[in-house]
Amino acid sequence: MATTEVERRRGQLAALSIAVVVIVVGVPLWWKTTETYRAWLPVSQINELSNLQLQLSADVEVVFARGTVTPEQQKKVPLTRTQDEEHSVDEDTALRYRYETRYRTATIMEEDALDQPTAAEADLSLHTLSECPCGSLVVYVIPESSSLLPQDVDVYIGQRRTALLRIGGQIRVGKTLDLLLAHLEPRIKQVLQVMSFSHTDITAALSDRVRLSPGNKESIADSMRTFKSSPGYEITFSLLNPDPKSHRLHWDIEGAVQTYIQPLLTKLASVANFSIDSQTLYYAMLGVNPRFDSSLGAYTLSPDSLAHMINPVEARLGSNAASSNPVLNFLLYVPDAQHSPLHIHDSKKQEVPTNAFHSPRWGGIMVYNVDGFYGPEAVFPVDLNINMAKVMGVFLAQLRLLLGVQSPNAPSGFLVAPCSRTGLADWELDRLMWSRSVENVATATTTITSLAQLLDQIGNIVINDNIAEQVSSAVTSLQLAVAELEAGNLRFALQYSKEAILASERAFFDPSLLHLLYFPDDQKFAIYIPLFLPMCVPILLSLLKIVSDARQKRREKQAKKD
Amino acid sequence: MAAHRCSRSALLLVLCSLCLFSIAESQETTPAGDHRATGVDNPQSVTGSTEQMAEQPTVVEEEEEEEEDRRWEATRDEVETENTSAPDTSAPTFEVHSSVPKPKDDFQEELVIRPLHSGDIYASFQFRTLWETDFTTGNKVSHYRLFPKSLGQVISKFSVRELHISFTQGYWRTMQWGQPFLPSPPGAELWVWFQDSVTDVDETWKELTNVLSGIFCASLNFIDSTNTVQPSASFKPLGIGNVTDHRFLRYATLPREIVCTENLTPWKKLLPCGSKAGLAVLLKSEKLFHSSFHSQAVHIRPVCKDWQCKTKSWELRQTLNVVFDLHTPGQGKQEWSLFKMFSRTLTEACPLASSSKIYVDITDDPQGEQFEVSPATHLLSQAMVLGDRRTFSLYDLTQQITFGTVRSLNLHIRWKSSEGYIHYQPSKDRVRPHLLEMLVQLPPNSVTEVTVQFERALLKWTEYTPDPNHGFYVGSSVISSLVPSIVAMDTNSTREQPLFSSL
């Protein structure tokens, strides 16, 4: 009896000690070794970013020319006024526009410049006088009697960052300055909306972050046409020659790119990096059969069929092996001799004068008919030189559209200076930079917040140090970008927003995040159960037995006591 | 000449009537591989024929009436890939670009067809794009005409000096087929020389393999440090350039890689004419992959543009080698045509190609005794292939006359019946025996060995013979010679002759 009691005691002790070892050593060891490494993330800052308060500041300088203000008014200027405008886009996003307007009178040099015979010359000489920084504007208020502007034009928008504003007739010299300013204010605001940023542009740029209620069709089409903001773009020009037996085509793409495209891209260099290449594709067919219109004696493509043209061609275009930036494709299609001439018709069955169309966020296609360059008695193959000026004019316009450089609809009474050789006015670049900065900030915040959300929700994901580093740098860049926007330093704001977007994308698409992502709990059990169950069952059973024994003993004791 | 006449007379009919009652279960084993007579040529006769061939041009020109038509063309050396830094000895091109400035790139295509000793057909496509440009210097190359853009971008992005990639399905049987123009191992093989400006070669190599894997739809992304080596003695650069520091060389093979249509399509896309015109029309995957051997490759290297090697060009060589097993037993005659091999005929050259040619290797049969090529061509060409002077019939696709009146070229090769005849009738279990008949032309002073492999099968218990220790008896083989002599077939019994001499 005594020996069995000792045996039992020993058995219990053994079970207990094994259980203790398992719990004290085994469980922490298992816990420690199966832990996923998760580096620290700046969660609180990311949460702050999810609530975005963007402030855009634009500096405007209003310069009064001689004859617009009286000497006593002149004494009161220079003065500075600040105007704030607040919009709440949705519950997480708020916008505030701050216009800082400084009023001053024109210097002598500027007066001389304004005495030029035409507005364009005045614009040029004003530009040489003062280099105003990116994102700011100078509005020159000129007297009504000035001959710079044509009769029906009140506002002239130059190629740089200057505008000429003719003072209205009803405001006569001699009224108080406040009245004058109050009169000028709405006009200056109009100028700002054209030359700097408008609320519609900025909300469109926020589309990545804010789901907007669908507006009118045109604005949706506008917003969908433009390529997403990206740190770089690849531009590919492809000459499609489906009939090399008949046409031997020569295009001086190298020279044309240098002459027509490169100036624009040099100007846009601060917005994104561009790389250009070109190729010639032979036997590249369109996916659609053009219809022969006997009344015109030409083949026609209807607008419905245009949508089917791209896919078959795209298989031949080839993807860009060297980078993952979005590709803008520009195709020049020379129809084969049997299907010439080929015309693109619009929905009203009218010939499209440029014979070209573009596809949103993809590129443009131009049909170039060559049948007029050789007679019926020509000996095939014919050597043909392509008129690159004509082609590049179309492609340049399409490129501007696809990059989002779109001329705003100027209100009546506005005269916008014609495009210069670079194809882009300074203020157009500013507009693009404003919307691109906002877009980058919006995209980067969305990426970072959703990454943080994802990492928070799925505990399995390993967060390596480099990802934490990228996230931190993205957050820092974002904060800097927002601060620079607030300060009105457009160039820096864009720079930081680009860095933010790069870092956030790199963190989001890091392959190391995927390793343990699809490792659900049931699979864990499948791994652990064969290991732990055989080990745990005896331990648990003996523990249960010990507990029940102890309870029984206590009950016996209780009974004895009773 | 006399030797050939002699060999013609030595026609032997080998009749192997194999009464293999051993109930061979292996009825399905085709006779193509194992049951074929392998004529072991006498080395003397081979050298004799090459000597004869060397002095052939004069002979031929005397015989031919139209001497002008027969043009001997110095063909580009096929073996220039054998690390000969000697400048390219290419033939002067006949095309004259008069009106427009001569383009800086040039495209050539050719197809070499060689009937192999084993009866198979070896077809080798070569497409060469030469481009007078420089990827190495700082200025960016970005305007492509004939050179494919995707590969050009790869070269400039990864600073590649030389790139050789091959995809091979099947195994090249050197014993039966001789040497290939360019050997390639089964599976995928990739070796790359990087420029010495590359700092992190391993990283570049990894990215390059990933990009190439996308371009060629192959699993090249499985190339990693475990299967990459840096050979120090072999794989010297094939193009110009004097850097041979093997730190910039990487070599990897993926022997398990299975080559199929998805690799062929992107390969064809690199050609300027795609598969729409020229020789590439023949590249139909359903026929190409139904072959004994298939190998497609891309070689990129810098080459000299002129004799002094002052300017550098980049050469993209796309090759596709395929061996068709067109031997069908029991039909008596062997023949093939372009249509039979590729299910297409040729109608035009690629309009972008400066030269487009088909070569048929007639070295082994300069007199047209063993096989006949139709339509006949007057153009002949000689080239040194792997140190061996070979003769080719030449078809120039850039000339309209090649296509004749039907406007399509369908090359036929018909073996003359003297070449051989194989008739094989497989046995049926317990119904009929095997029959293998072979008509073989034997060269003089040669040894011919015929081997037949068979498998044994299990017998039913009633089929055991009373004396199983004897095994099975196999009937004798019969050799009958077709001697062109009246002695052998004298049916005229009226003549007074000894009886033993008349049958």
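The values are calculated or read from the model by the stated rules, or taken from the named source; none is laboratory data. Quick caveat, the model's predicted, so the values are computed rather than measured. Heads up, the Cβs are rebuilt from the backbone with ideal geometry, glycines too, and the neighbour counts pull from every protein chain shown.
Which of the following residues is at pLDDT 85 or above, within 14 Å of chain B (Cβ to nearest Cβ) and not in a helix (DSSP H, G or I): A:Ile261, A:Ile276? Let's see the steps before the verdict.
On the way: A:Ile261 fails: not in a helix (DSSP H, G or I).
Result of the check over A:Ile261, A:Ile276: A:Ile276.
Restricting the first member to the range B:226-237 and to residues that are within 20 Å of B:Pro183 (Cα to Cα), and the second to residues that are in a loop (DSSP other than H, G, I, E, B), the beta-carbon pairs closer than 9 Å and six or more apart or on different chains are B:Lys236/B:Asn83; B:Lys236/B:Thr244; B:Pro237/B:Asn83; B:Pro237/B:Val243; B:Pro237/B:Thr244.
Screening B:Ser234 with (1) out of contact with any helix residue (DSSP H, G or I) (no Cβ under 6 Å at 6 or more places or on another chain); (2) at pLDDT 90 or above; (3) not β-branched (Val, Ile, Thr) gives one miss only, at (2). So for the range B:221-241 (the condition being under 28 Å from B:Leu111 (Cβ atoms), within 14 Å of another protein chain (Cβ to nearest Cβ) and buried (at least 18 other Cβ atoms within 10 Å of the Cβ)), does at least one residue qualify? No, every residue in the range B:221-241 fails to be under 28 Å from B:Leu111 (Cβ atoms), within 14 Å of another protein chain (Cβ to nearest Cβ) and buried (at least 18 other Cβ atoms within 10 Å of the Cβ).
If you take the residues of the range A:224-258 that are of a type in the set (Gly, Ala, Ser) and more than 14 Å from chain B (Cβ to nearest Cβ), which of them is nearest to A:Ser319 (Cα to Cα)? Steps first, please.
Looking only at the range A:224-258, we keep the residues that are of a type in the set (Gly, Ala, Ser), and these are A:229-230, A:232, A:238, A:246, A:255-256.
Pick out the ones that are also more than 14 Å from chain B (Cβ to nearest Cβ) and you get A:229-230.
Working: A:Ser229: 20, A:Ser230: 17 Å.
Ranking the qualifying residues of the range A:224-258, first place goes to A:Ser230.
Quick one: which of B:Leu163, B:Leu146 is surrounded by fewer than 23 Cβ atoms within 10 Å (Cβ to Cβ), more than 9 Å from chain A (Cβ to nearest Cβ), over 21 Å from B:Cys260 (Cβ atoms) and in contact with a strand residue (DSSP E or B) (Cβ under 6 Å, 6 or more places away or on another chain)? Answer to the check: B:Leu163.
Listed here are the residues, each with its yes/no results for (1) assigned to a loop (DSSP other than H, G, I, E, B); (2) modelled with pLDDT of 85 or more.
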site	(1), (2)
A:Ala389	no, yes
A:Ala410	yes, no
A:Ser435	no, no
A:Leu451	no, yes
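For the range B:189-199, the count of residues that are assigned to a helix (DSSP H, G or I) and either of a type in the set (Gly, Ala, Ser) or within 14 Å of chain A (Cβ to nearest Cβ) (or both) is zero.
What are the residues in the range A:329-368 that are part of a strand (DSSP E or B) and within 14 Å of chain B (Cβ to nearest Cβ), if any? Spell out the reasoning first.
Start the filter on the range A:329-368 by keeping residues that are part of a strand (DSSP E or B), which leaves A:329-333, A:342-345, A:351, A:356-359, A:363-367.
Result: A:Asn329, A:Phe330, A:Leu331, A:Leu332.
Within 23 Å of B:Asn321 (Cα to Cα) and in contact with a helix residue (DSSP H, G or I) (Cβ under 9 Å, 6 or more places away or on another chain): is that true of B:Leu208 in this structure?
On the way: within 23 Å of B:Asn321 (Cα to Cα): no; in contact with a helix residue (DSSP H, G or I) (Cβ under 9 Å, 6 or more places away or on another chain): yes.
No; evaluated as a whole, the condition is false for this residue.
I'd like the full set of residues that are closer than 30 Å to B:Glu207 by Cβ, away from chain B (no Cβ under 12 Å) and in a strand (DSSP E or B), limited to the range A:296-328.
Step one: list which residues in the range A:296-328 are closer than 30 Å to B:Glu207 by Cβ, which gives A:310-311, A:313-328.
From what's left, away from chain B (no Cβ under 12 Å): A:310-311, A:313-314, A:325-326, A:328.
Hit for the range A:296-328 is A:Leu328, nothing else.
Contact map, the range B:346-357: first residue within 13 Å of chain A (Cβ to nearest Cβ) and within 14 Å of B:Lys276 (Cα to Cα), second residue of a type in the set (Phe, Trp, Tyr) and surrounded by fewer than 24 Cβ atoms within 10 Å (Cβ to Cβ), Cβ cut-off under 8 Å, separation 6 or more or different chains; pairs are B:Thr347/B:Phe403; B:Glu348/B:Phe403.
Residues that are exposed (fewer than 12 other Cβ atoms within 10 Å of the Cβ), part of a helix (DSSP H, G or I), more than 41 Å from the chain's Cα centre (by Cα) and not hydrophobic (A, V, I, L, M, F, W, C) do not occur anywhere in the range A:503-512.
Taking each residue of the range A:427-440 that is within 15 Å of A:Leu478 (Cβ to Cβ) and looking for partners that are assigned to a helix (DSSP H, G or I) and among the small types (Gly, Ala, Ser) with beta-carbon atoms closer than 6 Å, six or more apart or interchain, yields A:Ser437/A:Ala493; A:Ser437/A:Ser497; A:Val438/A:Ala205; A:Glu439/A:Ala205; A:Asn440/A:Ser497. Screening B:Asp202 on (1) at pLDDT 90 or above; (2) over 21 Å from B:Gly170 (Cβ atoms); (3) within 14 Å of another protein chain (Cβ to nearest Cβ) shows it passes everything except condition (3).
In the set A:Gly393, A:Gly375, A:Gly364, which member is within 20 Å of the chain's Cα centre (by Cα) and modelled with pLDDT of 75 or more? Walk me through how you get there before you give the answer.
Details: A:Gly393 fails: within 20 Å of the chain's Cα centre (by Cα); A:Gly375 fails: within 20 Å of the chain's Cα centre (by Cα).
The match here is A:Gly364.
What number of residues within the range A:264-273 are more than 14 Å from chain B (Cβ to nearest Cβ) and in contact with a Phe, Trp or Tyr (Cβ under 8 Å, 6 or more places away or on another chain)? Summing the residues that are more than 14 Å from chain B (Cβ to nearest Cβ) and in contact with a Phe, Trp or Tyr (Cβ under 8 Å, 6 or more places away or on another chain) in the range A:264-273 gives 2.
For B:Ser295, state whether it is surrounded by fewer than 20 Cβ atoms within 10 Å (Cβ to Cβ) and either assigned by TED's automatic domain parsing to the domain that holds B:Leu316 or basic (Lys, Arg) (or both).
no
Residues that are outside any strand (DSSP E or B) and in contact (Cβ under 8 Å) with a residue 40 or more places away in the chain within the range B:366-403 comprise B:Pro366, B:Gln367, B:Glu369, B:Gln370, B:His378, B:Leu379, B:Leu386, B:Gly387, B:Leu397, B:Thr398, B:Phe403, listed in sequence order. Total residues in the range A:328-381 satisfying the condition of being over 24 Å from A:Leu265 (Cβ atoms) and polar (S, T, N, Q): the figure is 6. One residue stands out in the range A:169-178 among those that are surrounded by 12 or more Cβ atoms within 10 Å (Cβ to Cβ) and not β-branched (Val, Ile, Thr): the one that is modelled with the lowest pLDDT, namely A:Lys175. Condition first: among the hydroxyl-bearing types (Ser, Thr, Tyr) and part of a loop (DSSP other than H, G, I, E, B). Now tell me which residues in the range A:226-240 satisfy that. The answer is A:Thr226, A:Ser229, A:Ser230.
Within the range A:241-249, the presence of a residue that is assigned to a loop (DSSP other than H, G, I, E, B) and hydrophobic (A, V, I, L, M, F, W, C) is excluded.
State yes or no: is B:His97 within 11 Å of chain A (Cβ to nearest Cβ), more than 23 Å from B:Leu190 (Cβ to Cβ) and modelled with pLDDT under 50? So B:His97 fits the description; yes.
Among the residues of the range B:200-231, those identified as of a type in the set (Ser, Thr, Tyr) and assigned to a helix (DSSP H, G or I) are B:Thr204, B:Thr209, B:Ser213, B:Ser225, B:Thr226.
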